[in-house]
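Following: one structure in structure tokens, then a few remarks.
The values are calculated or read from the model by the stated rules, or taken from the named source; none is laboratory data. Because the structure is predicted, anything quoted here is derived from the model rather than measured. We place every Cβ from the backbone using ideal geometry, glycine too, and count neighbours over all the protein chains shown. These area figures cover heavy atoms from the full protein model, side chains too; ligands, DNA and RNA do not enter into them. Shrake-Rupley method; radii C 1.70, N 1.55, O 1.52, S 1.80 Å.
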Amino acid sequence: MSARAGAVKLGILGGDGIGPEVVESALLVLDACEARFGFATERTLFDWSGEQFLRDGRRFDAAALEPMRKLDAVLLGAVGHPSVPRGMLEADIIFGFRRGLDLYVNLRPLILYDSRLTPLKDKTEKDINVLVLRENTEDVYGREGTRTGQGTPEERVSVDMVFTRRGIERITRYAFERARRLDRKKVTLVDKANAVPIQQLWREVLESVGQEFPDVEQDAMYVDAACMWLVQKPERFSVIVTTNLFGDIITDLGAAICGGLGTGSSGNIHPGRVSMFEPIHGSAPKYAGQRAASPIGAIGALALLLQHVGLPAAHDAIQAAIFRSFRSGRIDGVDARPGRTFDDAKVIADLVANP
């Protein structure tokens, strides 16, 4: 997808809690990118959130998704409201995007911006730089399942864990394609095929697809071992490809070793089509209105968005600015503190504008 033919058409969903604040901070950085690199965006604001639901009762559905199909990309802040039934907004909006637009790639870079951020002893930026690719449309994740015999000793809940060869093949091929572009060309499959035998299909597909990429090293490990190695030796990983459920867990652990959820960014992608980008943190309602949350995840999500729409130089400039902001001490961390959201965004915007 290229943005060179005209303005980039963006959908903006602030969402709930700290979401609108971190999105606004990312747009400050976008303004700096537009000025430096000479492109333009058309930004359409969409009011889908918990506050909106409590106000008018409308839910995000297939009709609400339809205008998004005409865009190049969507930037989402966060969803989740304490007065809305648990999980409803996430199911409607996040899963609505992922499955409604077939955004089968969940791309989550684990990037350590400065060694002082990690809780791991003696690890540096060179040790923690991992691209996690999570299958985004299958598995048990986000499935409603069934519940019978409520309130009795025989109460039972169940949900199907479903994988398709097509779904596994396309995320695995994407992982090899991304690894091929890196200095360290290696793909690691993370599964639990020893205890969940149906996941053997992932191993079979890895071996089959891997034959198309003889220049890319491959290996596989069980998810419990992968979590251990992410903590002990994160440097052994380059690209991880994994299931929807395991990917969600692994990337929160990965964000922790990078300094916290505030560092994490995510792309929900269908290559060549409209895709959605977001920080991995939640809405954190207790910080809403305080401008206290770190904007790094949202700004990193913006960088991924710009890469997706054909503006890699803008992506690189944002990443370089984030690195410089931490290493210079102009940004001291990602912990919540009053004023952080826009203070930190202004630092990064300035570094984008004045490299």
For this session: All but one of (1) closer than 28 Å to Ala225 by Cβ; (2) touching an Asp or Glu at 6+ places or on another chain (Cβ under 8 Å); (3) of a type in the set (D, E, K, R) hold for Arg184, so report the exception by its number.
Result: (2)
For this session: Sort through Ile93, Ile111 and tell me the only one that's among the aliphatic types (A, V, I, L, M), over 30 Å from Phe237 (Cβ atoms) and within 15 Å of the chain's Cα centre (by Cα).
Result: Ile93
Seminar exercise, completed: Scanning region 285-303 residue by residue, the ones that are among the hydroxyl-bearing types (Ser, Thr, Tyr) and at pLDDT 95 or above total 1
Seminar exercise, completed: Those residues of region 275-292 that are open to solvent by less than 20 Å² (accessible area, probe 1.4 Å) and in contact with a strand residue (DSSP E or B) (Cβ under 9 Å, 6 or more places away or on another chain) come to a total of 6
For this session: Write out, first by first residue and then by second, each pair whose Cβ atoms fall under 8 Å of each other, whose residues are 6+ apart or on separate chains, and whose first residue, in region 191-208, is under 14 Å from Ile171 (Cα atoms) and among the aromatic types (Phe, Trp, Tyr) while the second is open to solvent by less than 90 Å² (accessible area, probe 1.4 Å) and assigned to a helix (DSSP H, G or I).
Result: Trp202/Ile168; Trp202/Thr172
Exercise. Given the conditions (1) farther than 17 Å from Asn106 by Cα; (2) assigned to a helix (DSSP H, G or I); (3) touching a residue at least 12 places away in the same chain (Cβ under 8 Å), which single one is not true for Gly247?
Worked result: (1)
Exercise. Among the residues of region 304-318, is any small (Gly, Ala, Ser) and over 30 Å from Glu177 (Cα atoms)?
Worked result: no
For this session: Out of Met1, Met68, Met88, report the one residue that is touching a strand residue (DSSP E or B) at 6+ places or on another chain (Cβ under 9 Å) and modelled with pLDDT under 95.
Result: Met1
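Any idea which residue in region 185-223 is most open to solvent (accessible area, probe 1.4 Å), counting only those that are part of a helix (DSSP H, G or I) and in contact with a strand residue (DSSP E or B) (Cβ under 7 Å, 6 or more places away or on another chain)?
Among residues in region 185-223 that are part of a helix (DSSP H, G or I) and in contact with a strand residue (DSSP E or B) (Cβ under 7 Å, 6 or more places away or on another chain), the one most open to solvent (accessible area, probe 1.4 Å) is Arg203.
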Problem set entry | Every residue from region 239-274 that is open to solvent by less than 10 Å² (accessible area, probe 1.4 Å), among the small types (Gly, Ala, Ser) and more than 19 Å from Ala298 (Cβ to Cβ) | Gly247
For this session: Determine whether region 94-113 contains at least one residue that is free of Cβ contacts under 8 Å to residues at least 12 places away in the same chain and hydroxyl-bearing (Ser, Thr, Tyr).
Result: no
Exercise. Would you say Asp122 is open to solvent by less than 30 Å² (accessible area, probe 1.4 Å) and without any contact (Cβ under 8 Å) to a residue 60 or more places away in the chain?
Worked result: no
For this session: Keeping to region 97-113, report how many residues are of a type outside the set (Ser, Thr, Tyr) and open to solvent by less than 20 Å² (accessible area, probe 1.4 Å).
Result: 10
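So how many residues does region 181-204 have that are over 24 Å from the mean Cα position of the chain (by Cα) and over 18 Å from Asp160 (Cβ atoms)?
3
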